[in-house]
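See below for the structure under consideration.
The values are calculated or read from the model by the stated rules, or taken from the named source; none is laboratory data. Keep in mind that what you see is a predicted model, and the values were worked out from it rather than measured. With ideal geometry, Cβ positions are generated from the backbone for all residues, glycine too; neighbour counts draw on all protein chains shown. Keep in mind that these areas ignore ligands, DNA and RNA; they rest on the heavy atoms of the full protein, side chains included. Shrake-Rupley method; radii C 1.70, N 1.55, O 1.52, S 1.80 Å.
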Amino acid sequence: MALGKWMMAACMAAALATGAQAAPPATSGNPILKGWYADPEAAVFANRYWIFPTTSADYDAQITFDAFSSSDLVHWTKHADVLNARNVPWAKRAMWAPSVVENKGKYYFFFAANDIKTDSELGGIGVAVADRPQGPYKDLLGKPLVGAFHNGAQPIDQFVFKDDDGAWYMIYGGWKHANIVRLKDDFTGVLPLADGSLFKEITPAPEYVEGPLMFKRGGRYYFMWSEGGWGGPDYKVAYAIADAPTGPFKRVGTVLQQDEAIATSAGHNSVIQVPGTDRWYIVYHRRPHGDTARDHRETAIERMEFDAQGHILPVKITHEGVAADPLR
C-alpha cells in the first residue's frame with residue numbers, strides 16, 4: 001500500500017516536471033467568478049463573452065466595477081477596476097447593476113449610483129464611455145442621465161438594448177415600478193416615445209420589484225425581472241412577452257428561483273445569446289447555501305431554453321454550470 005502511494009506521487013511529480021497539465025474542466029462550475037459579485041450584465045463583444053457585475057459589498061464600498069471575459073464560458077479572465085467613482089465626480093456610493101453596449105465603435109457603461117430616495121438628492125442612472133470593453137470608462141455627461149423619480153420608479157437597475165430598427169431603449173426601475181425610455185443615439189438624453197411620453201411605465205405585474213431586462217426572439221419582446229426581497233428566499237426571476245417594447249406586458253411565469261439544496265436568493269439576471277444561434281444562457285446571482293452574510297452574493301450561469309410556443313422553460317440552478325461553448 002505504501003509503495004503504491006509512493007509510485008502515484010512519483011508519477012504526479014514527473015508529470016508536473018514535464019509540463020503536463022490536468023484536463024480542462026468539463027463544465028464552468030458555479031459560481032463562475034471568484035469573489036462576491038451580483039447583478040451580472042452579460043454580453044458578447046470582440047468575439048468574447050463578457051460579464052460586468054456589481055461589486056457585492058457595503059454601499060460605501062461600492063465605488064468600483066470589475067469585468068470578466070471568456071472565449072468559452074468556462075475560463076474567465078478578470079479585468080479589474082474598469083470603472084471607478086474617481087472618474088464619475090457625482091457618484092459617491094452604491095454603484096450598481098451595469099448595462100454595457102457597443103455603439104459606433106465605442107463602449108457605453110450604464111450604471112446606477114448613490115441609491116437616491118428623493119428627487120432632492122444627487123444620483124440616479126449615469127453613463128460612462130471607453131474605447132474598449134475592459135475600459136477604463138469615464139463619465140460621459142458630468143451628471144446623471146436620469147436623476148429623478150418618474151412614475152414612482154427609483155432610477156436604478158437600467159438595461160439598454162438596440163431594436164432591429166436601430167432605436168435604443170432603456171428599461172429601468174426599482175421600488176416596484178418599471179419605465180421605458182427611448183435614448184438619443186449618442187446617449188446624452190432621451191427622446192419622446194411613439195405616444196409622446198418620455199418616461200412610460202411598463203410595470204409588468206404587481207410582483208415586479210427590480211432588475212428589468214429585455215431581449216427579442218422570434219419577433220417578440222421578452223421582459224424579465226426580479227421579484228421578492230433581494231436577500232430572501234422569495235427572490236426569483238419572472239417574465240412576460242409582448243409584441244412591442246412598450247408592451248403591454250402580462251406575467252407568464254417564473255423562470256428561475258432558489259433551490260435550498262444548492263443556493264438561495266437566486267435572481268437579478270442577464271442573458272446571453274450565442275451569436276448566429278438560438279443557444280441561450282442565463283447569468284444571475286445567488287447566495288451560497290447556508291451563508292447568511294448580507295453581501296455574500298455570487299455569480300452563476302445556466303442554460304436557458306424555450307418550448308415550441310416560445311415560452312421560457314423553468315431553469316434549474318446547479319453546481320455544475322454549463323459546458324464550454326467556444327465563440328467561432
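Observations
- Residue 126 meets each of the listed conditions (1) closer than 16 Å to residue 41 by Cα; (2) open to solvent by 50 Å² or more (accessible area, probe 1.4 Å); (3) in contact with a Pro (Cβ under 9 Å, 6 or more places away or on another chain) apart from (2).
- Screening 215, 187 for residues that are part of a loop (DSSP other than H, G, I, E, B), aromatic (Phe, Trp, Tyr) and in contact (Cβ under 8 Å) with a residue 24 or more places away in the chain leaves exactly one candidate, 187.
- Residue count for region 215-225 under the criterion of being surrounded by 24 or more Cβ atoms within 10 Å (Cβ to Cβ) and farther than 15 Å from residue 266 by Cα: the result is 1.
- Failed item, numbered, when residue 65 is tested on (1) open to solvent by less than 30 Å² (accessible area, probe 1.4 Å); (2) modelled with pLDDT under 95: (2)
Residue by residue, here is whether (1) in contact (Cβ under 8 Å) with a residue 24 or more places away in the chain; (2) buried (at least 19 other Cβ atoms within 10 Å of the Cβ) holds:
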| residue | (1), (2) |
| --- | --- |
| 82 | yes, yes |
| 101 | yes, yes |
| 144 | yes, yes |
| 148 | yes, no |
| 153 | yes, yes |
| 157 | yes, yes |
| 166 | no, no |
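- Out of 109, 52, sole residue that is touching a Leu at 6+ places or on another chain (Cβ under 8 Å) and crowded, with 21+ Cβ neighbours inside 10 Å: 109
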